[in-house]
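Have a look at the structure below before the remarks.
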Amino acid sequence: MIIFRKILGREFLLLLLWSLVFFFYLQGCKNPFKTRKSPPPIITEGTWDTPYRPEIVIQNLLHAYNEKIIGNFILCLCDSFRFSAPEDSIDAFNRGRPELFANWDKSTEINVTTNIFTTFRQNVDSISYVLSFAPTSVPDDVSDTVAVLSRDYELSISKSTPPETKLAKGTATFYMRQTSFYWWSIYFWSDIPDVSGDDWGDFKAEFRQSPL
C-alpha cells in the first residue's frame, strides 16, 4: 500500500511538472485564434477611395486638389507621368519662355502642386479656388489595362483684395494604366484651354519656380 502511494505520488508530480512545462510553452506562443491587427491605412486625411476603376482616380484628384492634400494627389500619378499643354507651350514660346512647359514630369507636377497647395493654405483669408469637373461629349475609353478619360473643368480663383474672381476653363484628358495592386493611375495629362483663354495649365505654370 505504501509502495502504491509512492507510485501515485511520483506520477502526480510528473503530471504536474509536465503541466507546468506545457503552460509556460503556451505562454511563449502566439494565440492562433487571436484576431490579427489590420495594417494602418495608407490615407490618413481627406477624401480618397481605392482606385480600382479609372473614374475613381478622377474623383480622387478632384478631392485632393480642392482639399489641398499633396499625398492624396501624388497617389493619382504614375512614376512615368507627363503633363502637356500644347497651346500654352506655344504661347510661352512666343513670350520668350519656351522652357516654361518643357520636361514636365512627375517631379515637376508634384513641386508645382505643392507650391499651389501651400500658397493657398497659407493665405486662406485672401485667396481661394474651387475646381469642378463635368463630363465631355467624348465617352470614356476603358479597356482591361489602359483608359482615356476627358473632363471639362472649371477652376474658380478668388482674391479678396481687391475683390476679383477668375475662371480657368478647358478640357483635361487623362491617360491611365493599371499599376500595382491593380490600381489605376495617370501617366499622361493633356490640357486644352477653353476659347476664353485662361486655363488650368497657365494657372499651374505660375507656380513652376525652376523649369528646366
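For the reader, a short list of remarks on this structure follows.
- Test: Phe207 is within 21 Å of the chain's Cα centre (by Cα), of a type in the set (Phe, Trp, Tyr), modelled with pLDDT of 90 or more and not in a strand (DSSP E or B): yes
- Residue satisfying all of: in the stretch 87-98; surrounded by 13 or more Cβ atoms within 10 Å (Cβ to Cβ) and of a type outside the set (Ser, Thr, Tyr); nearest to Trp200 (Cα to Cα) among these: Asp88
- Within the stretch 99-109, the residues that satisfy the criterion of being touching a residue at least 40 places away in the same chain (Cβ under 8 Å) and polar (S, T, N, Q) are Asn103, Thr108.
- One residue alone among Val112, Val130 is in contact (Cβ under 8 Å) with a residue 40 or more places away in the chain and part of a strand (DSSP E or B), and that residue is Val130.
- Test result for Val112, under 21 Å from His63 (Cβ atoms), of a type outside the set (Phe, Trp, Tyr) and surrounded by 15 or more Cβ atoms within 10 Å (Cβ to Cβ): yes
- Comparison of Ala134, Ala147, Ala172 shows that the only residue that is modelled with pLDDT of 95 or more, touching a helix residue (DSSP H, G or I) at 6+ places or on another chain (Cβ under 7 Å) and over 20 Å from Glu87 (Cα atoms) is Ala147.
- Some residue of the stretch 188-195 being surrounded by fewer than 17 Cβ atoms within 10 Å (Cβ to Cβ) and not acidic (Asp, Glu): yes
- Selection from the stretch 195-208 of residues that are without any contact (Cβ under 8 Å) to a residue 40 or more places away in the chain and either out of contact with any Lys or Arg (no Cβ under 7 Å at 6 or more places or on another chain) or acidic (Asp, Glu) (or both): Val195, Gly197, Asp198, Glu206
- Close contacts from the stretch 72-84, counting a first residue that is of a type in the set (Lys, Arg) and a second that is assigned to a helix (DSSP H, G or I), with Cβ to Cβ under 9 Å and a gap of 6+ residues or different chains, come to Arg82/Lys106; Arg82/Glu109.
- Options Asp79, Asp152; residue that is surrounded by fewer than 18 Cβ atoms within 10 Å (Cβ to Cβ), touching a Phe, Trp or Tyr at 6+ places or on another chain (Cβ under 8 Å) and not in a loop (DSSP other than H, G, I, E, B): Asp152
- Of all the residues in the stretch 163-206, those that are more than 30 Å from Tyr52 (Cβ to Cβ) and β-branched (Val, Ile, Thr) number 2.
- Residue satisfying all of: in the stretch 27-49; surrounded by 13 or more Cβ atoms within 10 Å (Cβ to Cβ) and among the β-branched types (Val, Ile, Thr); modelled with the highest pLDDT among these: Thr47
The values are calculated or read from the model by the stated rules, or taken from the named source; none is laboratory data. Just so we're clear, the structure is a prediction, and the values are computed from it rather than from any experiment. Note that we place each Cβ from the backbone using ideal geometry, even for glycine, and neighbour counts take in every protein chain shown.
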